[in-house]
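Notes to accompany the following structure.
The values are calculated or read from the model by the stated rules, or taken from the named source; none is laboratory data. Here the structure is a predicted model, which is why all the values come from computation and not from measurement. Ideal geometry is used to build each Cβ from the backbone, glycine not excepted, and the neighbour counts take in all protein chains shown. The protein model used for the area step is the full one, side chains on, heavy atoms only, and it has no ligands, DNA or RNA in it. Shrake-Rupley method; radii C 1.70, N 1.55, O 1.52, S 1.80 Å.
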Amino acid sequence: MVSPLLDLPGAVAGDGIDAPVAAHYGSFNGEQRTLVGGDGFVDLSHRDVIRVSGADRLTWLHSLTTQHLTDLAPGTWTQALILSPQGHVEHAFTGVDDGESFTAHMEPGAAAGAVEFLDRMRFMMRVEVSDVTAEIATSWRGGRYELVPRDRLTEYAAAAGPACGFWAFEALRIERGEVRYGIDTDHRTIPNEVGAIPVAVHLDKGCYRGQETVARVHTLGRPPRRLTLLHLDGSENRLPPAGSDVLHGDKVIGFVGTSARHHELGPIALALVKRNVPLDATLGVDGMPAAQEAVVDPEIGLHVRPKLR
């Protein structure tokens, strides 16, 4: 679903699953500075959107996800995960309730699987689940997400301030150490490895699928892997493809996910590596040396970088 905002002056389309929105509008470094200053907006309308309505929606989602949702106030944004019985991340979303329905956005192409799973879990609950991607678009403005009627995107853009591209948004997200599930993670990822506690995982709620793994690793520490921020060799005029092996010497110790050119830090990337790899070790990615900066503490599995907005 190609965004109409690609018709804005200077818009250059992204690539891969991000191709439907603008990568930049002429200056991704300048656009990063605009966002850091609290101005502008980012078109994220390629993200999928689902809606859960019905009287039981919050108690039902509370029982299925890692998040405490029974008392979620209208207008309050939250993140949540759905795990496998072994604690691996299967679905991830960020959403908000308006008092009548809970609407959430997720990675492009992820809605079908999420809706299928949720539909199977409805049983006798008073809930309805639907994919509303064709109706609702996602945007980022002023450090928070916004949901916009898709047929009003052009009107929204005219009032929202200067348009900033997806590359600028990605560079700042990577700096914060926030993963894109399915790109910075794999089928074995558990929440403790990527700093999802407490942002997307509430430790003081009742049972949910996969809770035993999360609680055990949180109590004992030492998750199998850890998320790290890589500072890539700036002399290379390229970024590593997502999924590239991360090497310590000649040994594969993980994989790289998303990468970007940051306006201050230079080329950076997120990688998921084995917990016992020394933090001061220089790693190799796609033929480039890379220094590490801690994102998740290897001993306790908690996010250690500030949540910059």
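Tabulated values for the structure
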read-out	value
The stretch 206-278 versus the stretch 1-30: alpha-carbon centroid distance in Å	27
Of all DSSP beta bridges in the chain, antiparallel share, percent nearest 5	95
Rg to Rh quotient for the stretch 119-263, alpha carbon positions, Kirkwood Rh	1.02
Cα point-scatterer Debye curve for the stretch 1-71, base-10 log of I(q)/I(0) at q = 0.19, 0.22, 0.27 Å⁻¹	-0.79, -0.88, -1.19
Cα-projected label distance for residue 76 with residue 159, points at 7 Å along beta-carbon direction, nm	2.7
Amide proton proximity set for residue 246, modelled H, under 5 Å, gap of 5+	253, 254, 255, 256
Average projection area in nm² (convex hull over Cα atoms of the stretch 24-159, one quarter of hull surface)	9.3
Dipole moment magnitude, nearest 20 debye, the chain about Cα centre, only Lys, Arg, Asp, Glu C-beta charged	680
Cα-based shape type of the chain, given that a ≥ b ≥ c are square roots of the gyration tensor eigenvalues and the cut on a/c is 1.5	oblate
Surface share of carbon and sulfur [accessible, 1.4 angstrom probe, percent] for the chain	52
Accessible area of the stretch 6-52 divided out per residue, in Å², using a probe of 1.4 angstrom	40
Gap separating the Cα centres of the stretch 60-84 and the stretch 95-112, nearest whole Å	11
